[in-house]
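Have a look at the structure below before the remarks.
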Number of protein chains: 2
Amino acid sequence: MQQDVATAMKTSLEQSVIQALRSVLGDGSCVLHEPRFQGNEQAYVQECITSTFVSSVGRYVDRFEQELAAFTGARRAVAVVNGTAALQVALQLAGVQAGDEVIVPTLTFVATANAVHYLGATPHFVDSAEDTLGMDPAALKDWLKHVAEPTAAGSRNRHTGCPIRAIVPMHTFGHPCDLEGLLTIAHDYRLALVEDAAESLGSYYQGQHTGAFGELGALSFNGNKVITTGGGGAILTNDERLADHAKHLTTTAKQPHRWDYVHDEIGYNFRMPNLNAALGCAQFEQLPSFLASKRRLAERYAEAFRGVESVRLMREPKDCRSNYWLQTLLLDEAVADQRDAVLTATNDAGLMTRPAWGLLHQLPPYQQCPRAPLSVAESLARRLINIPSSAGLA
Amino acid sequence: MQQDVATAMKTSLEQSVIQALRSVLGDGSCVLHEPRFQGNEQAYVQECITSTFVSSVGRYVDRFEQELAAFTGARRAVAVVNGTAALQVALQLAGVQAGDEVIVPTLTFVATANAVHYLGATPHFVDSAEDTLGMDPAALKDWLKHVAEPTAAGSRNRHTGCPIRAIVPMHTFGHPCDLEGLLTIAHDYRLALVEDAAESLGSYYQGQHTGAFGELGALSFNGNKVITTGGGGAILTNDERLADHAKHLTTTAKQPHRWDYVHDEIGYNFRMPNLNAALGCAQFEQLPSFLASKRRLAERYAEAFRGVESVRLMREPKDCRSNYWLQTLLLDEAVADQRDAVLTATNDAGLMTRPAWGLLHQLPPYQQCPRAPLSVAESLARRLINIPSSAGLA
């Protein structure tokens, strides 16, 4: 009898979620996030091909960089091949070297830790805050008290003896994390702060666009992001010298010369092709309307889920304006064991949903890395469901 | 008086080169290499945008990979974001690890050594052969006799104690190097052979397409290559297991699952966007005509430079069919000191030319790496001039 009641409740949660989704999305199927090309995409890309400048140089790259800087308020933007590459180079320019340690959230896409690893550094995983889904300053502070030893040159891990060089907060699904709290700690421990802003184009913290609060930040324009360049990313910074260096490093570190090929350091083949920037310029023109649509969708979802017990829609944190890149449901802990049933039922119904990424400290390649207590992230990962979020749905 | 004669001779060489170039190229200016978009580029890219699949998945990527495999005769091709990324992953899959040593030519684009460096390995530089411009088997053999100690597991550097893991021949400007000689040595010393075939799409050695003679190879589709995807590259291999692994590694090593995000190793965000593959598919259809045009251009240049003293056009090596990607003049050593005057005069005349890349062992980041005697490469670098080479010039 108790078993029957439990089963009936589970069915009820799944059906309630589907009903709420349908009340916003209507009938038919719906992907999690798809790009929208209803502006000048075809025109700009055609013009780009006609110009023959589809590759490493071209006016769309310059324009895209200028528009990104103007929109985000960062002094400079450097367009690159994807968000992972942007983060790798941003970390390198923030001083991260082989043998260093870098603190990242465990609740993030794997690229955050991969970028650290590519530089020969080791990620530490810290917990997230329930109200932002991002790196929790209190958890960070506790962890640093435990592991970090301040030195004249910065902080050192008292157990390994290696420098702890940087923290990499990530703005989860477009919700800004507590940058003020994190910046204070970064300052106290003399750590670089590099924002993984891959998901937060159009998100603001205390009125300022995310991505350039620390030394550098990284954006992504992957196909599933607010705007896309097919594949692409950008480095943001307010430091002209770092921006020039970022451009140099991401274009094979070739010294300017009429014909000589001399590379004065080990650079990367990371520049964004002009073809992709052409798509990006057209997407950029529509960014305000995409953001408005996503905000409307959040309102409609919030309304639709108001009556659904044990489920709430993630709303923008205090003093923040989120881009609502991926809309997010949070189940109450009491019904967390029904998450997979909800995922199955919604996907079976053609309404694409997905859980959080596998927490990084649980992934095979990162299981041996240092980690702080991660109970909030573990709880969020059990309870979190992303629901259809494309611009144009509302 | 002698000074005057010398000056007269120099003027004469520059003017002779310009005259020979003009006899082929006509009046007006001419860039070194530009892409040609006169096929289905606009149609495929438009269709790609309309489909909304511009990013990490899409049918153009699959088609491009299948066409590359069919054309090159390699069992599999894996499309990636550029040639450098292709080479990095190819080397990793060939077993190159941090602390290893890898032998590369000094006469190559910097990416050949960078790919080694990204894996934490150290490049050794060896000499090139005059007849191929590529890695010289005799020089490689002499160098290995000097540094390599065979062990049960492969070869070890007798001075550093580190494994020597692989050799990376590169097919300079599209001219295949002596693969048979190199494969024999690689076999004897149990070294992996990974071809840097970035420049040799459409080039054949003993009737077989370059790029899959060893464990793996890397192609490039940068804007200046025989065909372009804006930015792009591909890994070639005849080993299905390595190809599957290459696909996995270059797509963030995510395990297939309906919704879970689990990455079982540290992968890369290296997949080619579908937008770029759409361009590539259209370019691919024209590859035979591009290759035919480049071959005609080589014939016309050869004829035009037949009468120019102290200068010869680089022709395809014995038993090879070159794609003639970049047409190359070689000055006699006696007039090598006039190279810069020729470069200046031709570029001033609007005929774009350039010398070889700065030799890698002379670049600041690689000056401390081990190197064999490099007298042939040093001579080639003094004497070599690339001249306008675009498809469609003949």
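The values are calculated or read from the model by the stated rules, or taken from the named source; none is laboratory data. Predicted model, so just to flag it, every value in this text is computed and none were measured. Cβ: placed from backbone, ideal geometry, glycine included. Neighbour counts: every protein chain shown. Side chains included, ligands, DNA and RNA excluded: accessible areas come from the protein's heavy atoms. Shrake-Rupley method; radii C 1.70, N 1.55, O 1.52, S 1.80 Å.
What to note about this one:
- Contact order for chain B, expressed relative to its length and based on alpha carbon pairs under 8 Å spaced 6+ residues apart, stands at 25 percent.
- Among A:167-178, B:44-55, the order from most to least packed when residues are scored by Cβ within 10 Å on average: A:167-178, B:44-55
- Distances between equivalent label points of B:Arg306 across the copies, with each point positioned 7 Å along Cα→Cβ, amount to 8.8 nm, shortest listed first.
- Whole-number percent relative contact order across region B:278-331, with pairs defined as alpha carbons under 8 Å at least 6 apart: 33
- The same position B:Glu67 in the other copies lies at 2.9 nm from this copy, comparing label points 7 Å beyond Cα toward the beta-carbon, shortest first.
- Between the listed residues B:Thr160, B:Ala86, B:Phe270, the Cα displaced farthest toward the positive end of the dipole of region B:41-284, a dipole computed from Cβ unit charges relative to the Cα centre, is found at B:Phe270.
- Residue by residue along A:43-53, Cβ atoms of other protein chains within 10 Å of the local Cβ number 4 on average.
- Centroid-to-centroid separation of region B:299-352 and region A:118-177 [C-alpha atoms, Å]: 57
- Distance from the alpha carbon centroid of region B:81-108 to that of region B:192-245 works out to 13 angstrom.
- Cα-based shape type of the protein assembly as shown, given that a ≥ b ≥ c are square roots of the gyration tensor eigenvalues and the cut on a/c is 1.5: prolate
- When you count the other C-beta atoms within 10 angstrom of each residue and take the mean per peptide, B:285-294, A:59-68, A:196-205 line up highest first as A:196-205, A:59-68, B:285-294.
- Along region B:12-28 the Karplus relation, 6.51 cos²θ - 1.76 cosθ + 1.60 evaluated at θ = phi - 60°, assigns HN-Hα couplings of 4, 5, 4, 5, 5, 5, 4, 4, 5, 4, 4, 5, 9, 9, x, 6, x Hz to successive residues, with x for each Gly and Pro.
- Buried between B and A is an accessible area of approximately 4900 Å², summed over both sides with a 1.4 Å probe.
- The simple spin-label model puts a point 7 Å past each Cα toward its Cβ; for A:Asp188 and A:Glu285 those points are separated by 4.9 nm.
- Nitroxide proxy distance, nm - points 7 Å out along Cα→Cβ at B:Ala292 and A:Thr50: 2.9
- Shielding of peptide B:287-296 by partners, expressed as the average count of other chain Cβ atoms within 10 Å per residue Cβ, is 0.
- For region B:41-284, the C-alpha radius of gyration divided by 2.2 N^0.38 Å, with N the number of residues, is 1.01.
- Cα-based reach from A:Lys225 at 19 Å (exclusive), listing lysines while leaving out same-chain residues under 8 positions away: A:Lys294, B:Lys254
- Each peptide in B:104-110, B:352-358, A:20-26, A:238-244 receives the mean, over its residues, of other Cβ atoms within 10 Å, and ordering these scores from highest gives B:104-110, B:352-358, A:20-26, A:238-244.
- FRET efficiency for A:His146 and A:Arg312, using Cβ-Cβ distance with R0 set to 56 Å, rounded to 0.05: 0.95
- Spin-label proximity, A:Asp337 to region A:363-394 - amide N less than 17 Å from point 7 Å beyond Cα toward beta carbon: A:379, A:382-384
- Across peptide B:348-354, the average count of Cβ atoms from other chains found within 10 Å of a residue's Cβ is 1.
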